[in-house]
1. Length gain on complete extension for the stretch VAL49 to GLU4, per 0.36 nm per residue less the alpha carbon to alpha carbon distance?
2. Carbon and sulfur: what percent of the chain's accessible surface (1.4 Å probe)?
3. Equivalent-ellipsoid semi-axes (√(5λ), Cα gyration tensor) for the chain, whole Å, largest first?
4. For helix 13-61, what angle does its Cα long axis make with the longest principal axis of the chain, in degrees from 0 to 90 and rounded to 10?
5. Based on the Cβ-Cβ distance of LEU35 and ALA15, what FRET efficiency does E = 1/(1 + (r/R0)^6) give at R0 = 35 Å, to the nearest 0.05?
6. With a probe of 1.4 Å, find how much accessible area the chain has per residue, and write the answer as a whole number in Å².
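The values are calculated or read from the model by the stated rules, or taken from the named source; none is laboratory data. Just so you know, these numbers come straight off a predicted model, no measurement behind them. Cβ sites come from the backbone with ideal geometry, for glycine too, and all protein chains shown count toward neighbours. Note: areas computed on protein heavy atoms with side chains; ligands, DNA, RNA excluded. Shrake-Rupley method; radii C 1.70, N 1.55, O 1.52, S 1.80 Å.
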Amino acid sequence: MTSELSRFLNDEAGATAIEYGLIAAMIAVAIIAALTVFGGSVQGLFVHVANRAGNAMNSASI
């Protein structure tokens, strides 16, 4: 019984999976935070490009 308990306490295989899970969660939080902070700026950039492209197409078709 004692050897099984000591083997269980010394087993670190599950700890690696938990660490990888925590790293993945931190990366996800960082991506969400970056999108929240820069989301409006990126959306404004795409709207600006779309407007410029639309104006260029309207000018070319006349």
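1. 9.7 nm
2. 69 percent
3. 57, 11, 4
4. 0 degrees
5. Numbers: r = 31 Å, r/R0 = 0.88.
For LEU35 and ALA15, the calculated efficiency is 0.70.
6. Accessible area per residue: 91 Å².
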